[in-house]
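Only the coordinates and a few stated rules stand behind these numbers; no lab work does. Treat the numbers as computed from the prediction; the structure is a model and nothing was measured. Neighbour counts are summed over all protein chains in view; Cβ atoms, including those assigned to glycine, are modelled from backbone coordinates with ideal geometry.
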Amino acid sequence: MESVVEEEEEVRRIVTDEEKLEAKNFNVFDLPDVPKGLPPHLELQRTRVVCEVGAPLHATGTIYSGAYISSGVDNSVNLENFSENFKVDVISLTKTDMVFDMIGIPPGIANAFRRILLAELPSMAIEKVFVVNNTSIIQDEVLAHRLGLIPLVADPRLFEYLSENDQPNERNTIVFKLHVKCPKGDPRRKVLSSELKWLPNGSELLKESAGGSTTNPKTHTSFSRSQDSFPEFADNPIMPSFEDILIAKLGPGQEIELEAHAVKGIGKIHAKWSPVATAWYRMFPEVILLKEFEGKHAEELVKVCPKKVFDIEEMGQGRKRATVARPRDCSLCRECLREGDGAIEGEAKSKGKAEAKGKREWVDQVALRRVKNHFIFTIESTGSQPPDVLFTEAVKILEDKCESVISELS
């Protein structure tokens with residue numbers, strides 16, 4: 001009995017505290033013989049959309065954080081990893097268009113930016129139209145609708161929202177005047193957006209009083225000061241974004257006289273307040289040649305692509321091979337994977353049935369993929385604000401949404 005107790009005590013003395021700590025932190029993936037990371041086919045499924053002839057594969061993302069835990073891969077969202085991997089590369093930027101790459105984000109965040117740009121960024125647009133005279137063939141309602149869709153060069157951050165109980169003033173309303181006539185005997189004339197004249201002092205139309213009194217005439221706005229006295233508008237007058245937008249056509253003797261009031265709003269209420277003509281994104285294309293295309297095969301591959309993704313590289317001694325020169329231009333038309341009546345197919349048919357597969361052989365030789373966390377984002381502004389400013393404001397709105405969710409959960 002005493003010998004058994006002594007053996008148990010000896011066993012207890014063998015296991016030290018360091019060994020206990022090492023056993024607690026033991027991870028099978030730390031062993032040198034255990035492969036780390038996902039197998040290649042699972043890594044491809046997790047990070048790429050494979051585009052085949054019939055349909056894309058692995059188009060949906062894996063949201064569950066423990067989906068690959070058995071392989072030692074953490075699929076959860078980590079703020080530190082996100083900060084290291086997230087990157088924005090501006091490809092092109094003009095006054096109205098912007099193309100940039102967003103790298104290291106899930107599709108949900110990219111789509112959130114798109115929806116905010118379309119529906120939640122404010123802008124100024126014509127809301128009320130006071131028609132004094134309209135003898136054109138366009139009805140008053142249609143004319144007002146056309147005026148509302150004209151984009152305006154006005155920074156909405158300098159204006160306030162106009163509620164039902166507010167009085168239109170210099171901080172929430174922009175007034176335009178349109179008075180055009182086509183004299184009799186003249187040819188038909190176009191009414192363009194350039195003829196909308198900004199009234200910095202507010203409305204010039206008098207309100208009709210109930211008793212017909214004219215002692216204290218009032219207009220439709222109450223401006224305490226002229227809008228052009230503000231430093232923001234002194235050098236940047238408010239005007240339509242484009243001066244050649246067609247509003248109406250007048251025949252001889254016809255006339256349009258009206259006053260239009262623009263207010264602040266968002267695209268969620270009406271599309272006229274959307275500051276972008278469109279905002280869209282697509283996954284970054286990845287085109288891989290799984291074999292060398294040389295000679296006539298290389299020329300046929302370059303010829304069949306309508307987007308000119310492939311190019312010919314001279315290898316010396318009269319040898320040529322195809323290379324992927326412009327992968328981001330790929331539109332996923334799959335022409336390089338489909339059967340066709342090109343030179344190779346015709347040549348194969350003339351040589352016999354054994355080679356009569358034509359371009360169908362390229363299915364196993366060209367790989368078309370999309371990178372799931374790399375997006376090519378395009379913003380086309382209506383001209384009210386530059387596209388880079390619009391994207392910055394969209395980031396602020398998304399940040400405010402995140403902060404409100406955190407405050408509600410805390």
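Details
- Taking amide hydrogens as placed 1.01 Å from N in the peptide plane, the amide H of residue 276 sits under 5 Å from those of 382, each at least 5 positions away in sequence or on another chain.
- 15 Å beta-carbon shell around residue 92, net charge (K/R +1, D/E -1): -3
- Residues in region 219-231 carry Karplus couplings, in order, of 9, 7, 9, 10, 8, 8, 8, 6, 5, 6, 7, 6, x Hz; the curve used is 6.51 cos²θ - 1.76 cosθ + 1.60 with θ = phi - 60°, and Gly or Pro positions show x.
- Note that region 58-71 has calculated 3J(HN,Hα) couplings of 6, 6, 7, x, 9, 8, 4, 5, x, 5, 10, 5, 5, 9 Hz, one per residue in order, obtained from phi through the Karplus relation 6.51 cos²θ - 1.76 cosθ + 1.60 (θ = phi - 60°); glycine and proline are x.
- Förster-model FRET efficiency, 45 Å R0, residue 324 and residue 194, C-beta, rounded to 0.05: 0.45
- Region 40-96: trypsin sites (Lys or Arg not before Pro) in DSSP loop, at most 16 other beta carbons within 10 Å: 95
- Charge context of residue 60, other residues only, Cβ under 14 angstrom, K/R +1, D/E -1: +4
- Between residue 78 and residue 141, the contour length at 0.36 nm per residue exceeds the Cα-Cα span by 17.4 nm.
- Once backbone amide H atoms are built at 1.01 Å from N, residue 241 has 152, 153 as its partners under 5 Å, excluding neighbours fewer than 5 places away on the same chain.
- Stokes-Einstein D (µm²/s) once Rh is taken as the Kirkwood radius of region 55-206 over alpha-carbon pairs, at 10 °C in 1.306 mPa s: 75
- Backbone HN-Hα couplings from phi across region 299-307 [Karplus 6.51/-1.76/1.60, Hz, Gly and Pro as x]: 5, 5, 5, 5, 5, 7, 7, x, 9
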